[in-house]
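Undergrad: Please see the structure below; I have some questions.
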Amino acid sequence: MKVASIFLLSALALLSLPGNGSSCLNYQATCTNEVSGCPKIYNPVCGTDGITYSNECVLCSENKKRQTPVLIQKSGPC
């Protein structure tokens, strides 16, 4: 019983911590090298350059054209 109580208290403490920080930290878009085009699915992401991209694939395509890659600042429009 004590072990279960300790486990539950530990789980509660971990759940009360802030999330993975993706709302505060910039993260890299998930890109695949074999992509020849992007889907027309609107799932906007806000880049660190202040531009809203229609989805991660579009941001990846733009990054292939740049010297300095743009990270995702947050999910959703800027």
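Undergrad: Looking at the stretch 29-47, which of its residues are modelled with pLDDT of 85 or more and either charged (D, E, K, R) or surrounded by 14 or more Cβ atoms within 10 Å (Cβ to Cβ) (or both)?
TA: Pass one, the stretch 29-47, residues modelled with pLDDT of 85 or more: 38-47.
Across the stretch 29-47, the qualifying residues are C38, K40, P44, V45, C46, G47.
Undergrad: Can you pull out the residues in the stretch 48-63 that are in a helix (DSSP H, G or I) and free of Cβ contacts under 8 Å to residues at least 24 places away in the same chain?
TA: Matches in the stretch 48-63: V58, E62.
Undergrad: Would you confirm whether any residue within the stretch 51-58 is open to solvent by 60 Å² or more (accessible area, probe 1.4 Å) and at pLDDT 95 or above?
TA: The answer is yes; a qualifying residue exists.
Undergrad: Name every residue in the stretch 59-78 that is open to solvent by 40 Å² or more (accessible area, probe 1.4 Å) and hydrophobic (A, V, I, L, M, F, W, C), in order of residue number. Steps first, please.
TA: Applying the first criterion (open to solvent by 40 Å² or more (accessible area, probe 1.4 Å)) to the stretch 59-78 yields 61-62, 64-69, 71, 73-75, 77-78.
Matches in the stretch 59-78: L71, C78.
Undergrad: Let me ask another. On the basis of being assigned to a helix (DSSP H, G or I) and of a type outside the set (D, E), does K40 make the cut? Break it down stepwise before answering.
TA: Values: assigned to a helix (DSSP H, G or I): no; of a type outside the set (D, E): yes.
No, not satisfied.
The values are calculated or read from the model by the stated rules, or taken from the named source; none is laboratory data. Computed from a predicted structure; not experimentally measured. Please note: Cβ atoms are built from the backbone with ideal geometry, for glycine as well, and neighbour counts cover all protein chains shown. Remember, those area values only see protein heavy atoms, side chains included, never the ligands or the DNA or RNA. Shrake-Rupley method; radii C 1.70, N 1.55, O 1.52, S 1.80 Å.
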